[in-house]
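Below is one structure, written out as structure tokens; the observations come after it.
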Amino acid sequence: MPVKTHKIRCYPNAEMRTVIAELMDYNRFCWNQGLTTWNDMYEASLIMDDKKLRPSERKVRNELVLDKADWQYQRSPRVLQTAIHRLHQAWRNFFNPNMPDAHKPKFHSKRDPKQSFTTDRATVRGKFLRLDRPRESKHHFTDIKLAEGLRFSGAIKTVTIIKHGNKFYASINVSVADTPRPAFYESWDIGGIDLNVGHISWNGGEVSTFTPQMAFLHQRVKVYQKRLARKRRENPKHFRSKNYQQTQTKLSQTYQKINALQNDLIHKFSHRITKVFAVLCLEGLDVRGMQMAKNKVKNLQRSLFRRLRTAIEYKAAWQHQHVVIADRFFPSTQRCSNCGFIKTADSYGGKMTLRGDSIYHQHDVYRCYECGLVMNRDENAVQNLIAYAAGLPPEWEIVH
């Protein structure tokens, strides 16, 4: 059964804010203690040359439970369980060859801007969230008000309370009923998605990923960063004044607004396109290689290529839909969607670049000098991606 997550803003009262702060500190304590125990067990297995002494989730969890202090019984035991489970998953991801970007687990700090804890015993009733209360706790637990009701119906697996700045959010994982597999016919509805810096083109229109509101917020980020840098440069030893902290808070709030706008755009677009098409085709871009160019790094990071692809993949999996990732070297920009001619450096007019071809320096227009096709560059790329997903003949492989 698929697991869906609904992230909702929550409004705890003063008492529950204290409880949440204590549980976040306890989650950090359990993670750090678990990581220390994990490392000690691994080093002992190397010294003794005995693989049976290697650490595991069960061994580390039992060790921490046996060494509990008296004050720990006033905290939820589920926080310890979930913290060690996440530590175990982090080690698995680190050694997984299919996840090269997974980092080695590190110790958590109380200065981290993002603090959280996870429990698997919380319940939701309407627009209220109730945390599990340990018997030894001295706090009076009350329901936490949510900004909206839970969108999904099913069994709640885990609830993660996250603190961003002065705001609290609850990420609720719900195990939902599986949707029936769609019946595909000979002609599938295919959606082609062409990823560009600043906008996304698909066979239904165009979506801007850098709106005027985002541009304004990024400008405010630049202003706040300059102010902070000037204060650090003028007074390097005592720069943390009250004015400095206020500017730092404004910078953090601006980043939160940008992230919220980006998430809203990604989820709305991915939800819309997975509802319309049965098959989706995206470009397999080498974003890391593209970021080697210093003048493109900032715009590439704002274009949300990877985040959009991830959202489309897991939402399509919920609906049992197909997602086709075009080959990284597929010339969707150079190929004519009408006759199949592929522009090369030696062909008439040369290749399409950011400034167009060598004859017409128009970035947004594709001209085929074989069949005479003239159309929008992004629309041509979308049609090529649709043809790729439908089973494009491999003549393009001869060219590149």
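The values are calculated or read from the model by the stated rules, or taken from the named source; none is laboratory data. Computed from a prediction, not measured in an experiment: that's the story for all the values here. FYI the Cβ positions are ideal-geometry reconstructions off the backbone, even for glycines, and counts take in every protein chain you see. To get the accessible areas, we keep the full protein, side chains included, count just its heavy atoms, and leave off ligands, DNA and RNA. Shrake-Rupley method; radii C 1.70, N 1.55, O 1.52, S 1.80 Å.
Points worth noting:
- The spread of Cα positions in region 70-132, taken along each principal axis and listed from longest to shortest, comes to 41, 33, 23 Å.
- For the chain, the per residue solvent-accessible surface stands at 60 Å², with DNA, RNA and ligands left out and a 1.4 Å probe.
- Inter-centroid distance (Cα atoms) of region 1-38 relative to region 320-349, Å: 47
- Total formal charge among the other residues, if their Cβ is under 11 angstrom from that of residue 118, Lys/Arg +1 and Asp/Glu -1: +3
- Rounded to the nearest 20 debye, the dipole magnitude of region 210-337 is 1080 debye, with +1 charges on Lys and Arg beta carbons, -1 on Asp and Glu beta carbons, and the Cα centre as origin.
- Whole-angstrom gap from region 49-69 to region 205-230, using each part's C-alpha centre: 48
- To the nearest ten degrees, helix 305-318 and the longest principal axis of the Cα atoms of the chain are 80 degrees apart.
- Across the chain: Cys residues that no other cysteine approaches within a C-beta distance under 4.7 Å: 10, 30, 281
- The residues neighbouring residue 343, those whose beta-carbon lies less than 12 Å from its own, together hold a net charge of +1 under the Lys/Arg +1, Asp/Glu -1 convention.
- Looking at the chain, the DSSP beta bridges with both ends there are about 85 percent antiparallel.
- 30 Å Cα-Cα threshold exceeded, pairs from 145/222; 127/163; 4/51; 145/268; 106/145: 145/222; 4/51; 106/145
- Which label in (1) 61, 48, 44; (2) 112, 47, 35; (3) 81, 60, 54 gives the computed Cα extents along the principal axes in Å: (3)
- Percent accessible area from carbon and sulfur atoms, the chain, protein chains only, probe 1.4 Å: 50
- Dipole axis of the chain (+1 Lys, Arg; -1 Asp, Glu on Cβ), positive-most option in 177, 26, 56: 26
- Note on the chain: helix-only mean residue ellipticity at 222 nm, from DSSP H runs of 4+ residues weighted -39500 (n - 2.57) and normalised by residue number, equals -13500 deg cm²/dmol.
- Eligible aspartates and glutamates near residue 110 by straight Cα distance, threshold 15 Å, same-chain separation 8 or greater: 22, 25
- Count Lys and Arg as plus one, Asp and Glu as minus one, and take only other residues whose Cβ is under 11 Å from that of residue 128; the net charge is then +3.
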